[in-house]
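In what follows, a single structure is set out as structure tokens and then discussed.
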Amino acid sequence: MAQPAELEARIRALEDIESIKQLKYRYFRNLDSLNWDGVIDCFAEDAMIDYEPGIKMEGKEDIRKNIRDKLLEHIGVHQGHHPEIKMTSDTTATGKWELFVYHYLPIAKKGFRLGGFYDDEYIREKEEWKISRTRMTLIFLEMWDREPLKRM
């Protein structure tokens, strides 16, 4: 039978995993609502972003200066599926997510879908989980011309 300390540690790990899932969901929601401050808040101070094809940012200040321009104004839906979260210590974890995205880029009058995987590292900063490293690898990318999207 599990001892109270062991049960407490297991509960803490489950709570941490749920917090990390909520962090990633918040990241996707803020991307889709173009809430750049919300996106930036998901990252640790020394965070690193590596998105295929060729979008890289290092440090929260670099992310703050560049994320809006590098990701462009878009209408989109990010879906993260099948999270595999592994606690590596009391303050660190890794995660893998399957990704599906639909975007419409008004400036280019283009629509696109992509699928891929996120490989993340997380760190607890001031009792809050943050993304410390994220790498998105593409499986496929489809792009096409389209007229402006009409919002419902």
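The values are calculated or read from the model by the stated rules, or taken from the named source; none is laboratory data. The structure displayed is predicted, hence computed values, not measured ones. No Cβ is skipped: glycine too gets one built from the backbone with ideal geometry, and neighbour counts run over all protein chains shown.
Yes/no per residue for (1) of a type in the set (Ser, Thr, Tyr); (2) within 22 Å of residue 33 (Cβ to Cβ); (3) more than 14 Å from the chain's Cα centre (by Cα):
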{"residue": "50", "(1), (2), (3)": "no, no, no"}
{"residue": "53", "(1), (2), (3)": "no, no, yes"}
{"residue": "63", "(1), (2), (3)": "no, yes, no"}
{"residue": "79", "(1), (2), (3)": "no, yes, no"}
{"residue": "87", "(1), (2), (3)": "no, no, yes"}
{"residue": "97", "(1), (2), (3)": "no, yes, no"}
{"residue": "112", "(1), (2), (3)": "no, yes, yes"}
{"residue": "116", "(1), (2), (3)": "no, yes, no"}
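Can you tell me which residues in the stretch 110-142 are in contact with a helix residue (DSSP H, G or I) (Cβ under 9 Å, 6 or more places away or on another chain) and aromatic (Phe, Trp, Tyr)? Steps first, answer last, please.
Here is the first cut: in the stretch 110-142, the ones in contact with a helix residue (DSSP H, G or I) (Cβ under 9 Å, 6 or more places away or on another chain) are 118, 120, 122, 124, 128-131, 134.
Within the stretch 110-142, 118, 122, 129 qualify.
Return a yes/no flag: does the stretch 30-40 have any residue that is more than 25 Å from residue 79 (Cα to Cα), of a type in the set (A, V, I, L, M) and free of Cβ contacts under 8 Å to residues at least 60 places away in the same chain. Break it down into steps so the answer makes sense when it comes.
At the first step, the residues of the stretch 30-40 found to be more than 25 Å from residue 79 (Cα to Cα) are none.
No, there is no match, as no residue in the stretch 30-40 is more than 25 Å from residue 79 (Cα to Cα), of a type in the set (A, V, I, L, M) and free of Cβ contacts under 8 Å to residues at least 60 places away in the same chain.
Might you let me know whether the stretch 3-25 holds any residue that is surrounded by 13 or more Cβ atoms within 10 Å (Cβ to Cβ), touching a Lys or Arg at 6+ places or on another chain (Cβ under 6 Å) and either part of a helix (DSSP H, G or I) or not charged (D, E, K, R) (or both)?
Let us first name the residues in the stretch 3-25 that are surrounded by 13 or more Cβ atoms within 10 Å (Cβ to Cβ), namely 9, 13, 16-17, 19-21, 23-25.
Those still in the list that are touching a Lys or Arg at 6+ places or on another chain (Cβ under 6 Å) too: none.
No, that holds for no residue.
Could you please let me know if residue 129 is modelled with pLDDT of 95 or more and either loosely packed, with under 13 Cβ neighbours inside 10 Å or of a type in the set (Phe, Trp, Tyr) (or both)? Spell out how you get there, then give the answer.
On the way: modelled with pLDDT of 95 or more: yes; either loosely packed, with under 13 Cβ neighbours inside 10 Å or of a type in the set (Phe, Trp, Tyr) (or both): yes.
Yes: the conditions hold for residue 129.
Under 6 Å between Cβ atoms, at least 6 apart or on separate chains: pull out the pairs that start in the stretch 3-21 with a residue that is at positive phi and modelled with pLDDT under 95 and end on any residue that is β-branched (Val, Ile, Thr) and surrounded by 11 or more Cβ atoms within 10 Å (Cβ to Cβ).
none
Which members of the stretch 62-83 meet the condition of being without any contact (Cβ under 8 Å) to a residue 24 or more places away in the chain and surrounded by fewer than 12 Cβ atoms within 10 Å (Cβ to Cβ)?
69, 81, 82 - these are the residues of the stretch 62-83 that are without any contact (Cβ under 8 Å) to a residue 24 or more places away in the chain and surrounded by fewer than 12 Cβ atoms within 10 Å (Cβ to Cβ).
Would you check if residue 37 is over 13 Å from the mean Cα position of the chain (by Cα), within 16 Å of residue 129 (Cβ to Cβ) and not in a strand (DSSP E or B)?
On the way: over 13 Å from the mean Cα position of the chain (by Cα): yes; within 16 Å of residue 129 (Cβ to Cβ): no; not in a strand (DSSP E or B): yes.
No, not satisfied.
When you check residue 58 against the structure, is it among the acidic types (Asp, Glu), surrounded by fewer than 12 Cβ atoms within 10 Å (Cβ to Cβ) and without any contact (Cβ under 8 Å) to a residue 40 or more places away in the chain, yes or no? Before the answer, list the steps.
Values: among the acidic types (Asp, Glu): yes; surrounded by fewer than 12 Cβ atoms within 10 Å (Cβ to Cβ): no; without any contact (Cβ under 8 Å) to a residue 40 or more places away in the chain: yes.
Considered against the rule, which asks whether it is among the acidic types (Asp, Glu), surrounded by fewer than 12 Cβ atoms within 10 Å (Cβ to Cβ) and without any contact (Cβ under 8 Å) to a residue 40 or more places away in the chain, residue 58 comes out as no.
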